[in-house]
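These notes concern the structure reproduced below.
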Amino acid sequence: MLLGTLFDLYSLVVIVAVVMSWMQLPPHHPAAQFVGMLTEPVLAPIRRVLPPMGGLDLSPMVLLIGLQFLRRLLTV
């Protein structure tokens, strides 16, 4: 139960990071720094593995799919 909630909360943080990237907040904005601190350690390795997709960053989508897979695997 708690583990599933943590996966859901982190998924929400990843979605917030995506929306904030669309809003183009300055990197020194406190909200951007906080969300980046939570998401970048996980997104950066995914970005290194994914090939460039015409300017689109698909790493958040890969992370969200991975989180849902792990959530289902670990909370059965």
In Å, the Kirkwood estimate of hydrodynamic radius for the chain over Cα pairs equals 13.3
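Taking the number of other C-beta atoms within 10 Å as the exposure measure, put 34, 7, 69 in order starting with the fewest. Mind showing how you got there, number by number?
Values: 34 13, 7 17, 69 10.
The most exposed by this proxy come first: 69, 34, 7.
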Rounded Å value of the spacing that divides the Cα centres of the range 46-61 and the range 1-32 | 17
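Any read-out appearing in this document is the output of simple, stated calculations on the displayed coordinates, not a laboratory observation. These figures come from a predicted structure and were not determined experimentally. Every residue, glycine as well, gets a Cβ built from its backbone with ideal geometry; the counts of neighbours run over all protein chains shown.
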